[in-house]
1. Conditions: (1) without any contact (Cβ under 8 Å) to a residue 24 or more places away in the chain; (2) part of a strand (DSSP E or B); (3) of a type outside the set (Ser, Thr, Tyr); (4) open to solvent by 50 Å² or more (accessible area, probe 1.4 Å). Ile158 meets all but one. Number of the miss?
2. Being assigned to a strand (DSSP E or B), under 11 Å from Ala61 (Cβ atoms) and open to solvent by 70 Å² or more (accessible area, probe 1.4 Å) is the filter here; which residues of segment 33-51 pass it?
3. Kindly establish whether Asp78 is open to solvent by 30 Å² or more (accessible area, probe 1.4 Å) and either in contact with a Gly (Cβ under 8 Å, 6 or more places away or on another chain) or in a strand (DSSP E or B) (or both).
4. Tell me which residues, restricted to segment 81-97, are in a loop (DSSP other than H, G, I, E, B), of a type outside the set (Val, Ile, Thr) and open to solvent by less than 10 Å² (accessible area, probe 1.4 Å).
5. Are any of the residues in segment 234-244 surrounded by 16 or more Cβ atoms within 10 Å (Cβ to Cβ), in contact (Cβ under 8 Å) with a residue 24 or more places away in the chain and in a loop (DSSP other than H, G, I, E, B)?
6. Quick check, is Gly15 outside any strand (DSSP E or B), open to solvent by 20 Å² or more (accessible area, probe 1.4 Å) and not aliphatic (A, V, I, L, M)?
7. Mind listing whichever residues of segment 170-180 are open to solvent by 20 Å² or more (accessible area, probe 1.4 Å) and touching a Cys at 6+ places or on another chain (Cβ under 8 Å)?
Amino acid sequence: LPDGTVACWGYNSRGQLGDGTTVDRLTPVAAKGVSASTAIAAGQLHTCALQAGGTVACWGANSQGQLGVGTFTTSVVDPSTVKNLTAAKAIALAPQHSCAVLADNTVACWGYNQFGQLGDGTTVDSATPVAVKDLTGAKAIAAGNQHSCALVADGTVICWGDNGATPVAVKGLAGAKAIAAGYYHTCAVLADTTVACWGTNTYGQLGDGTTEKQPTPVPVKTLANAFALSAGMVHTCALLANETVACWGANYTGQLGDGSAWRSIPGPVLVAP
């Protein structure tokens, strides 16, 4: 909110609303003791807020250490400060891990690490932040289910996790301006305002007109003038320059917003006004 406080609502089984309870809420409730917030991010069952001074407060599910508070407890219902993290400037949350871009443009991650998604070269869960190996120049971060990616200042994208426990550069991708990660796929806005995606494509979430998995970036069909992205579990959306939104991928509950409810649409459709 404008005063730096945070309000949350919805499912609250692990205290992910931050109001000190596990009671579901149909209307917004204040996250306890959270102020001076500049950004928020939500995982599957946990939430974090970036604070003006560069600290991060997290609450909710913590069985994999995804809150970064130094313990592996089922949940923490009161917002708590991530340990050993004092210079964060951007955050991203996955279902069970969390990452932050730091002031020196390195990246730290914490939580579930069975697939190397923390990027420290191990597969050991961590309840406190660990540095992503050999990564500098990061300016944005995205976290998928079992992988993480960073957008680097030179326009390249570096990823790690399921498919490789240490950071590797995405092949054939240059001039990236924004990134987003779904469960098992990733997308980037390029300098020419087109979008490229890679990874699992069972529901057409890569937007290339197929449902074939792609290990390197492929262009989203007939999409231009994009400048921001958001990725769900198995669908993706782009905000366009004319302030419309185009989406593609799974649509079995109407998540593409075009008025239909087909199983999937493997190319962009405009969200209905």
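1. Of (1) without any contact (Cβ under 8 Å) to a residue 24 or more places away in the chain; (2) part of a strand (DSSP E or B); (3) of a type outside the set (Ser, Thr, Tyr); (4) open to solvent by 50 Å² or more (accessible area, probe 1.4 Å), only one is false for Ile158: (4).
2. Of the residues in segment 33-51, the ones assigned to a strand (DSSP E or B) are 37-42, 46-51.
In the following step, the residues that additionally are under 11 Å from Ala61 (Cβ atoms) were identified as 46-47.
None - no residue of segment 33-51 is assigned to a strand (DSSP E or B), under 11 Å from Ala61 (Cβ atoms) and open to solvent by 70 Å² or more (accessible area, probe 1.4 Å), so the list stays empty.
3. Details: open to solvent by 30 Å² or more (accessible area, probe 1.4 Å): yes; either in contact with a Gly (Cβ under 8 Å, 6 or more places away or on another chain) or in a strand (DSSP E or B) (or both): yes.
It is true that Asp78 is open to solvent by 30 Å² or more (accessible area, probe 1.4 Å) and either in contact with a Gly (Cβ under 8 Å, 6 or more places away or on another chain) or in a strand (DSSP E or B) (or both).
4. The initial filter retains those residues of segment 81-97 that are in a loop (DSSP other than H, G, I, E, B), namely 82-87, 94-96.
Subset that is of a type outside the set (Val, Ile, Thr): 83-85, 87, 94-96.
If the condition is that a residue be in a loop (DSSP other than H, G, I, E, B), of a type outside the set (Val, Ile, Thr) and open to solvent by less than 10 Å² (accessible area, probe 1.4 Å), then Leu85, Ala94 are the ones that fit.
5. First, the residues of segment 234-244 that are surrounded by 16 or more Cβ atoms within 10 Å (Cβ to Cβ): 234-240.
Cutting the leftovers down to in contact (Cβ under 8 Å) with a residue 24 or more places away in the chain gives us 234-238.
Restricting the remaining residues to those that are in a loop (DSSP other than H, G, I, E, B) gives 234.
Scanning segment 234-244 turns up at least one residue that is surrounded by 16 or more Cβ atoms within 10 Å (Cβ to Cβ), in contact (Cβ under 8 Å) with a residue 24 or more places away in the chain and in a loop (DSSP other than H, G, I, E, B).
6. Details: outside any strand (DSSP E or B): yes; open to solvent by 20 Å² or more (accessible area, probe 1.4 Å): no; not aliphatic (A, V, I, L, M): yes.
For Gly15, the condition - outside any strand (DSSP E or B), open to solvent by 20 Å² or more (accessible area, probe 1.4 Å) and not aliphatic (A, V, I, L, M) - is not met.
7. Within segment 170-180, Val170, Ile179 qualify.
This table checks each residue for (1) assigned to a strand (DSSP E or B); (2) in contact with a Pro (Cβ under 7 Å, 6 or more places away or on another chain); (3) open to solvent by 40 Å² or more (accessible area, probe 1.4 Å); (4) among the β-branched types (Val, Ile, Thr).
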site: Cys99; (1), (2), (3), (4): yes, no, no, no
site: Gly119; (1), (2), (3), (4): no, yes, no, no
site: Val124; (1), (2), (3), (4): no, no, yes, yes
site: Lys139; (1), (2), (3), (4): yes, no, yes, no
site: Ala142; (1), (2), (3), (4): yes, no, no, no
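The values are calculated or read from the model by the stated rules, or taken from the named source; none is laboratory data. Source: prediction; values computed, not measured. Note that each Cβ is placed from the backbone with ideal geometry, even for glycine, and that neighbours are counted across all protein chains shown. Calculation scope for accessible area: heavy atoms of the full protein, side chains included, ligands and nucleic acids excluded. Shrake-Rupley method; radii C 1.70, N 1.55, O 1.52, S 1.80 Å.
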